[in-house]
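J.: One structure, as structure tokens, below. Some questions next.
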Amino acid sequence: MLNLLPFLTKLSENLQRVNNRINKYLKKPDAKQIHDIRTAIRRLDATYSTLPKKYRNGSSLSKYVLQCKELFKINTEIRDFDIIYEKLQKYHSNTQRESIIEELTKKRKERLERAKTIALTIKSTDIATILDEMGVTEKELQKRYNKILSRLISNIESTFPVVITNPLALEKLHDLRIACKKLRYMLELLPDQNKLAVQLRESLQKLQDILGSVHDSDFTIGYLRSLRQSSKEIQEMINMENDERRLKFEQFMNYCKRRLGIFPDSFLIKIRSFKLAK
């Protein structure tokens with residue numbers, strides 16, 4: 001059950017968390033601060049998306065969240081560049097590698113300047129007044145929350161069996177990772193006394209982490225393949241990333257077998273049971 005007062009308290013906390021992390025981000029936009037601001041925006045978006053439509057359209061909160069999402073998107077690009085940069089450090093230095101790193105550094109700098117501009121705009125917002133317009137009822141919240149939960153669980157139900165039988169279903173794998181991530185943040189809105197929600201959050205976190213590693217390899221491989229000039233060195237990097245990707249997908253499959261039940265069984269049954277209980 002989603003209770004009104006704890007929800008509004010969490011919404012207020014999430015607004016404050018974004019504000020605090022933007023201050024830290026502007027001082028030092030390193031990998032940690034990029035991670036922290038992205039998770040803060042995800043949590044804010046989970047609470048915001050639970051609000052009925054009339055509180056999401058045209059409100060000062062909606063404008064604030066849209067700016068946060070724009071900042072999130074740019075920081076996702078920066079984070080992806082950082083991942084590729086980190087991976088390239090594993091390989092021997094050569095002209096091709098240094099050229100890629102130089103291009104990544106240039107792109108990162110451009111994105112970061114844009115991100116800082118947006119962050120400064122968000123920082124200038126008086127978050128103390130954003131929730132003044134809120135008059136939502138508990139019944140409205142619960143109805144909207146159940147709708148989102150059902151949609152996310154249905155997405156997982158349809159994509160999970162496809163992904164575990166086809167390692168190269170990249171689009172479905174991406175969809176599963178995003179759905180797991182969003183569902184986990186939605187489940188955080190429920191009290192910790194809901195033991196099934198806590199268990200599902202833990203499973204979703206693990207799935208998200210493993211699938212995130214697979215995604216990082218897929219993104220790196222895609223980036224290297226997209227380069228205008230190919231070479232023996234680039235192909236070697238792609239081959240090594242493919243090997244690493246296979247190992248990570250095996251880790252995902254082993255986790256599914258060991259903890260989730262590989263075909264549909266335990267994991268999907270738990271999720272379905274949770275949906276039916278709402």
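J.: Please find, within the stretch 229-259, the residue that is least open to solvent (accessible area, probe 1.4 Å) out of those that are closer than 18 Å to His92 by Cβ and acidic (Asp, Glu).
T.: It comes out as Glu241.
J.: Ser150 - would you say it is in contact (Cβ under 8 Å) with a residue 24 or more places away in the chain, of a type in the set (Gly, Ala, Ser), buried (at least 18 other Cβ atoms within 10 Å of the Cβ) and outside any loop (DSSP other than H, G, I, E, B)?
T.: Against the criterion (in contact (Cβ under 8 Å) with a residue 24 or more places away in the chain, of a type in the set (Gly, Ala, Ser), buried (at least 18 other Cβ atoms within 10 Å of the Cβ) and outside any loop (DSSP other than H, G, I, E, B)), Ser150 does not qualify.
J.: Now a separate question. Counting only residues that are within 20 Å of the chain's Cα centre (by Cα) and either crowded, with 19+ Cβ neighbours inside 10 Å or not in a helix (DSSP H, G or I) (or both), how many does the stretch 11-28 have?
T.: 7
J.: Give all pairs with beta carbons closer than 6 Å in which a residue from the stretch 242-258 that is farther than 15 Å from Leu173 by Cα and in contact (Cβ under 8 Å) with a residue 24 or more places away in the chain meets a residue that is among the small types (Gly, Ala, Ser) and surrounded by 12 or more Cβ atoms within 10 Å (Cβ to Cβ); count only pairs at least 6 apart in sequence or on separate chains.
T.: Correct list of pairs: Glu244/Ser217.
J.: Within the stretch 69-80, is even one residue closer than 30 Å to Asn239 by Cβ and without any contact (Cβ under 8 Å) to a residue 40 or more places away in the chain?
T.: Yes - at least one qualifying residue is present in the stretch 69-80.
J.: Please indicate, with yes or no, whether at least one residue in the stretch 234-243 is among the polar types (S, T, N, Q), more than 21 Å from Ile148 (Cβ to Cβ) and part of a loop (DSSP other than H, G, I, E, B). Working first, answer last.
T.: Filtering the stretch 234-243 down to residues among the polar types (S, T, N, Q) leaves 235, 239, 242.
After this cut, where a residue has to be more than 21 Å from Ile148 (Cβ to Cβ) as well, the list is 235, 239, 242.
Cutting the leftovers down to part of a loop (DSSP other than H, G, I, E, B) gives us none.
No; the residues of the stretch 234-243 include none that is among the polar types (S, T, N, Q), more than 21 Å from Ile148 (Cβ to Cβ) and part of a loop (DSSP other than H, G, I, E, B).
The values are calculated or read from the model by the stated rules, or taken from the named source; none is laboratory data. As the structure is a computational prediction, the values presented were derived from the model and not from experiment. Cβ coordinates were reconstructed from backbone atoms using ideal geometry, including for glycine residues, and neighbour counts include every protein chain displayed. For accessibility, only protein heavy atoms count, side chains too; no ligands or nucleic acids. Shrake-Rupley method; radii C 1.70, N 1.55, O 1.52, S 1.80 Å.
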